[in-house]
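Read-outs: derived from the displayed coordinates by stated rules, not from any lab. Since this is a predicted model, take the numbers as computed values, not measurements. Positions of Cβ are generated from backbone atoms using ideal geometry, with glycine treated the same way; all protein chains shown enter the neighbour counts.
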């Protein structure tokens, strides 16, 4: 039994190493920068709203720009969710309500969407969407 678990761990490690080795330095710096921007926005939200939540990206489906194309800033789109949360917590009732939110996961897809279950917000980024803060604010006003 132990050998099976160790094989799975080694296989998963090998896959992760292969994926990270396949990234160029430019890619690694891009992802690190986006993670830092999201962390900064999360810190602002935590301070302003008095929350203790986490935020992360699911990079598994991030759109790859065409050769020579411009990369988008996923942290801006994910930070829109945090901006919506900050708008909600502008009132005392809102500040109490956002304490239900424990985590934020930002993924990528063909259509923008938001859902919350058990304190976890799953937000799907679509680079063609607009007014993301308003979209999130309206959702939270109806679902908190």
Potential extension, residue 72-residue 100 segment - 0.36 nm per residue separation minus Cα distance: 7.1 nm
Residue-span extension gain [residue 26 to residue 134] - 0.36 nm each, minus C-alpha spacing: 35.6 nm
Intensity falloff of segment 24-143 expressed as log10 I(q)/I(0), Debye formula with alpha-carbon point scatterers, at q = 0.09, 0.15, 0.21 Å⁻¹: -0.24, -0.64, -1.19
Förster radius 35 Å - calculated FRET efficiency between residue 92 and residue 64, Cβ distance, rounded to 0.05: 0.20
Calculated diffusion of segment 34-105, Stokes-Einstein form, Kirkwood radius summed over Cα pairs, 10 °C and 1.306 mPa s, µm²/s: 121
Taking segment 24-143 and dividing mean pair separation by its residue count, relative contact order in percent (alpha carbons under 8 Å, at least six apart): 27
